[in-house]
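Have a look at the structure below before the remarks.
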Amino acid sequence: MKKREHIADRSVLFSVFKLLQYKKIRKAGLFCAGTALRDFFGLQYKQKIIPKKAPVYWVDHPLDERIPFVPEQVDIYLDFVYFWIRSAAFLMERFGEAAETEVARFVEDMGRLYSFAAEVYRRGFSTTRRPRYFKKLRFVIIHTFDPHLMCIPSLHVMVVCRAYTRFKAIVEKLGATKSLAPYIDELKCGAQAITESILYVKQHSVNCIPAAFYALSALDSALFPPEEMEQFSQDLFADSLHLDTESREAIIDHIRKLYYEFIEQKKTAADWSDVLVSFLETKPICIPGTKNLAQTVI
């Protein structure tokens with residue numbers, strides 16, 4: 001019996017080449033790249049150059065201290081963009097032109113996530129205390145090029161969760177849910193692994209995850225309702241060798257509780273982003289030059 005291929009094993013370069021063959025997807029790709037440059041990299045570097053452009057808040061939580069720093073997780077952490085690119089290319093290879101319109105929307109979705117999250121970033125940046133670690137080249141790159149000012153909501157979590165739910169929705173629309181069920185499960189597990197990795201490499205706080213879930217529900221409650229959040233969260237850290245049971249349960253309880261608090265507050269908020277901005281305003285302000293953003297780890 002032929003062994004099933006895994007989306008995670010697909011070549012990223014081949015995936016990009018596959019997607020660029022389609023006009024609608026090329027156009028969507030340009031949109032996605034443009035919004036990422038403007039609303040993610042552009043906003044952060046403007047803040048770095050003009051520190052008083054918007055307040056920066058510390059969003060650490062005491063539970064973060066229970067999570068060990070696991071530098072080996074950095075490869076999983078940095079895979080979040082490749083994750084959705086491989087997923088989109090798989091759909092095109094499997095369905096061809098029949099999926100072009102849907103996959104183009106998929107790619108546009110990734111760009112819209114940056115703009116949507118930026119509605120919070122423009123009003124308040126957020127950061128966490130992360131260790132400086134230089135034993136791996138990828139950490140050197142992270143500390144050199146990542147200003148680390150956009151923690152809430154976590155775009156890593158938003159991107160991978162949107163990718164697996166959008167993939168599932170497209171497969172359902174094309175009538176292939178049963179045959180492609182293993183791939184849906186693979187992507188969900190992959191999204192969970194990346195979500196865990198953001199905590200293991202100390203690029204985010206446990207506060208950042210429910211904020212991302214809330215943002216996804218605010219963006220598209222049909223694709224990411226509370227039920228999806230529950231199913232996704234309940235298996236986080238399920239097979240972890242790095243967390244004890246008590247810590248795992250406390251983290252998941254915190255994620256669920258804060259998510260539902262955000263959902264409840266949205267009912268009376270003028271705009272979805274007000275909820276997260278109000279949350280940020282309860283946190284200490286990071287004043288440049290008075291506190292270290294990182295602690296060197298040797």
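The residues of region 44-62 that are open to solvent by 20 Å² or more (accessible area, probe 1.4 Å) and in a helix (DSSP H, G or I), listed by number, are Y45, K46, K48, I49, P51, K52, K53, P62. Beta carbons closer than 6 Å, at least 6 apart along the sequence or on distinct chains, pair a first residue in region 27-45 that is under 18 Å from Y82 (Cα atoms) with a second that is among the aliphatic types (A, V, I, L, M) for A28/A104; A28/V107; G29/V107; C32/V107; C32/M110. V81 meets the conditions (1) open to solvent by 10 Å² or more (accessible area, probe 1.4 Å); (2) in contact with an Asp or Glu (Cβ under 9 Å, 6 or more places away or on another chain) in every case but one. The failed one is (2). Entry remark, region 3-28: residues being within 17 Å of T101 (Cα to Cα) and not in a helix (DSSP H, G or I) number 3 in total.
Looking at this structure, is K291 modelled with pLDDT of 95 or more, closer than 24 Å to Y200 by Cα and assigned to a loop (DSSP other than H, G, I, E, B)? No. The number of residues in region 221-259 that are open to solvent by less than 40 Å² (accessible area, probe 1.4 Å) and either touching a residue at least 60 places away in the same chain (Cβ under 8 Å) or acidic (D, E) (or both) comes to 9. Evaluated against (1) open to solvent by 10 Å² or more (accessible area, probe 1.4 Å); (2) farther than 25 Å from Y45 by Cα, V103 falls short on exactly one condition, (1). Can you go through L258, L241 and tell me which one is more than 20 Å from P55 (Cβ to Cβ), at pLDDT below 95 and either hydrophobic (A, V, I, L, M, F, W, C) or part of a helix (DSSP H, G or I) (or both)? Result of the check over L258, L241: L241.
Pairing each residue of region 172-198 that is over 13 Å from Q73 (Cα atoms) and free of Cβ contacts under 8 Å to residues at least 40 places away in the same chain with any residue that is of a type outside the set (D, E) and open to solvent by less than 10 Å² (accessible area, probe 1.4 Å), provided the two are 6+ apart or on different chains, yields C-beta distances under 6 Å for T177/V171.
Conditions (1) more than 19 Å from E196 (Cβ to Cβ); (2) hydrophobic (A, V, I, L, M, F, W, C); (3) free of Cβ contacts under 8 Å to residues at least 12 places away in the same chain; (4) touching a helix residue (DSSP H, G or I) at 6+ places or on another chain (Cβ under 8 Å), marked per residue:
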| residue | (1), (2), (3), (4) |
| --- | --- |
| E72 | no, no, yes, no |
| L78 | no, yes, no, yes |
| F83 | no, yes, no, yes |
| R105 | yes, no, no, yes |
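The values are calculated or read from the model by the stated rules, or taken from the named source; none is laboratory data. The structure displayed is predicted, hence computed values, not measured ones. Every residue, glycine among them, receives a Cβ derived from its backbone with ideal geometry; neighbour counts consider all protein chains shown. With ligands, DNA and RNA removed, areas are computed over all heavy atoms of the protein, side chains included. Shrake-Rupley method; radii C 1.70, N 1.55, O 1.52, S 1.80 Å.
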